Amino acid sequence: MSTFDNPFDPDRRLRSFGCSCGRHASDAEHEAAAQLQIRASIDSEQKRYEGVVASAVMRAVFPKDAARRAFLKSVGASTALAALSQFFPLETATEVFAQGAAQAGAIEKKDLKVGFIPITCATPIIMAHPMGFYAKHGLNVEVIKTAGWAVIRDKTINKEYDAAHMLSPMPLAITLGAGANPIPYTMPAVENINGQAITLAVKHKDKTDPKSWKGLKFAVPFDYSMHNYLLRYYVAEHGLDPDQDIQIRAVPPPEMVANLRADNIDGFLGPDPMNQRAVYDGAGFIHVLSKDIWEGHPCCAFAASKEFVTQTPNTYAALLKAIIDATAFATKAENRKQIAEAIAPANYINQPVTVLEQILTGTFADGLGNVQKVPNRVDFDPFPWESFAVWIMTQMKRWGQIKGDVDYAGVAKQVYLATDTTRLMKEVGLTPPAATTKTFVVMGKTFDPAKPEDYINSFKIKRT
């Protein structure tokens with residue numbers, strides 16, 4: 001439901017500029033009531049419907065806020081309401097609106113299972129459970145910790161999970177049939193941007209130049225992951241062929257630090273908390289944050305089958321709104337310590353709160369004796385830019401995961417549901433971008449989503 005301020009308060013605006021949850025006039029009010037708000041379901045639906053109807057009528061009568069405020073200050077709110085009621089049946093209109101909203105928005109399935117991997121990339125999906133965002137939107141969601149990406153993919157495809165935390169390339173790979181039979185999948189929200197790093201074993205502190213990495217063994221979480229594509233991009237830009245000069249193997253994130261400590265790998269480009277945990281345990285150091293490779297890159301995502309989206313549209317909308325709502329809360333730096341505490345327990349990420357705080361606040365030890373302050377080390381922005389999808393598909397083709405002609409723009413629009421996200425972001429009080437594609441820069445090189453094949457052809461090291 002959109003934010004509607006009291007239309008009869010001359011000092012309030014009718015536009016939806018309040019806090020992220022849409023139930024307070026300012027962020028200060030939101031923060032003061034945060035604990036109560038996120039644990040209680042929305043009360044008094046009737047009053048909210050009255051606000052919607054009254055706001056619509058006042059907006060029609062006074063399209064300019066200045067005129068509305070002048071009128072209200074001259075006659076007062078109660079007189080204005082009485083006068084308005086004489087000319088327009090507010091009570092009847094409210095009842096009709098409420099009935100229509102109830103019929104249109106009935107949730108088809110309230111009890112849901114959502115799988116996740118225990119990493120900070122899944123923060124919005126995880127925190128929405130203990131902090132009440134699912135309940136706020138009328139859902140009873142069980143979030144299920146899962147061992148690895150192949151498992152989470154299979155359980156979602158087999159409908160053991162209704163939706164899942166996935167790597168942002170996975171819905172594209174599933175849709176395109178990369179490595180399996182094609183199944184239409186969707187990615188309506190990005191879970192996190194940035195938030196990854198290349199971590200090396202402590203014995204390699206002298207190998208700060210990637211040109212010296214020949215023969216080293218690296219781990220990434222999955223073949224179809226931003227980690228794989230960013231690591232390949234990074235070493236290739238330094239003149240190394242990722243298939244010839246280094247070894248890359250898939251290792252589930254929870255096993256990365258143990259493999260680094262056991263000397264099975266020399267490093268990894270992985271999600272947090274693995275990078276910070278390696279530092280915490282004295283097993284590794286952070287060589288470079290992924291944001292320094294590509295500022296604002298996507299990593300993980302909320303994903304669901306096309307079947308789930310089309311067959312239970314109201315459930316899908318409620319679930320996506322809960323996650324977008326949680327994402328808005330996670331965006332604010334002042335909430336990060338509270339979130340770290342909420343997601344630290346064993347049934348969620350199972351890490352020391354100190355480790356999660358270092359990641360989420362961006363004040364962290366790097367394993368080289370320094371304390372760095374990088375507030376956007378990890379950040380949260382749900383908008384699924386279609387150009388993100390196009391870039392990912394260029395890397396899939398560059399490294400031979402997909403072949404032949406690719407309808408980059410068409411697949412991006414089909415899988416990354418930017419239009420849905422735009423609508424639902426507005427409903428929870430956020431301002432979505434005006435466009436669905438944009439250019440961006442990866443290691444100094446501008447990517448134009450309108451010219452994907454030119455981009456692939458510009459690389460010296462590639463499989464195609």
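The values are calculated or read from the model by the stated rules, or taken from the named source; none is laboratory data. Keep in mind that this is a model prediction, so the values were computed, not measured. Reconstructed Cβ throughout: ideal geometry from the backbone, glycine too, with neighbour counts over all protein chains shown. In case anyone asks, the SASA skips ligands and DNA or RNA and just uses the protein heavy atoms, side chains included. Shrake-Rupley method; radii C 1.70, N 1.55, O 1.52, S 1.80 Å.
In this structure the range 259-383 gives 32 Å² per residue of accessible area when probed at 1.4 Å with all protein chains present. Taking all Cα pairs closer than 8 Å and separated by 6 or more residues, the relative contact order of the range 262-369 comes to 38 percent. Go ahead and run the numbers for FRET between I456 and T310, Cβ-Cβ distance against an R0 of 25 Å, rounding to 0.05. My answer for the efficiency is 0.15. Note on K109: lysines with a C-alpha under 20 Å away, same-chain residues under 8 apart excluded, are K136, K155, K159, K306, K321. Write down the percent of antiparallel bridges among all DSSP beta bridges whose residues are both part of the range 198-269, to the nearest 5. Here the antiparallel bridges make up roughly 35 percent for the range 198-269. Counting only residues at least eight positions apart within a chain, or on another chain, the lysines with an alpha carbon under 21 Å from that of K203 are K211, K214, K217.
The Cα atoms of the range 119-203 give a gyration tensor whose axes a ≥ b ≥ c have a/c of 1.5 or more with a/b no greater than b/c, which makes the shape oblate. Projecting the Cα atoms of P384, M396, V355 onto the charge dipole of the range 301-443 (Cβ charges, centred on the Cα centre) puts M396 farthest toward the positive pole. Extending 7 Å from the Cα toward the beta-carbon at both R463 and K203 defines two label points whose distance is 2.9 nm. Stretching the chain fully between K211 and D111 yields a gain of 30.8 nm (0.36 nm per residue, less the alpha carbon separation). Count the net charge of all other residues whose Cβ sits under 15 Å from the Cβ of C121, scoring Lys and Arg as +1 and Asp and Glu as -1. Result for the local shell: +1.
Surface composition of the range 276-363: carbon plus sulfur atoms contribute 48% of the solvent-accessible area (1.4 Å probe, protein chains only, all chains present).
Here the range 168-235 exposes an accessible surface that is 52 percent carbon and sulfur, computed with a 1.4 Å probe and the other protein chains kept in place.
Subtracting the Cα-Cα distance of N350 and M443 from their residue separation scaled by 0.36 nm leaves 30.1 nm. Bridging of K451 to lysines at a Cα separation below 24 Å is possible for K291, K397, K403, K413, K438, K460, K462, once same-chain residues fewer than 8 apart are set aside.
Take the Cα of A262, step 7 Å toward its Cβ, do the same at D281, and the gap between the two points is 1.0 nm. Starting from the range 239-326, pick out the chymotrypsin sites (Phe, Trp or Tyr not before Pro) whose DSSP state is loop and whose Cβ has at most 10 other Cβ atoms within 10 Å. Filter output for the range 239-326: empty list. In a reduced charge model with +1 at each Lys and Arg Cβ and -1 at each Asp and Glu Cβ, the range 276-423 shows a dipole moment near 120 debye about its Cα centre. Remark on A219: its backbone amide H falls under 5 Å from those of R249, G267, F268, L269, a criterion applied only to residues 5 or more positions apart or on other chains, H modelled at 1.01 Å from N. Taking all Cα-Cα distances within the range 306-454, those exceeding 26 Å account for 46%. Rolling a 1.4 Å probe over the protein heavy atoms gives the range 93-252 an accessible area of 35 Å² per residue. Each label point was placed 7 Å from the Cα along the Cα-to-Cβ direction; for Q338 and N376 their separation is 2.4 nm. When each of the peptides 338-345, 224-231 is scored by how many other beta carbons lie within 10 Å of its residues on average, the order from highest to lowest is 224-231, 338-345. Here the calculated FRET efficiency for T431 and K159, from their Cβ-Cβ distance with R0 = 41 Å, stands at 0.70, rounded to the nearest 0.05.
Determine the shape class of the range 217-368: with a ≥ b ≥ c the square roots of the Cα gyration tensor eigenvalues, call it rounded for a/c under 1.5, and otherwise prolate if a/b is greater than b/c, oblate otherwise. Verdict is oblate for the range 217-368. By definition, a body whose alpha carbon gyration tensor gives a ≥ b ≥ c is prolate when a/c is 1.5 or more and a/b is larger than b/c, and the range 384-423 fits this prolate description.
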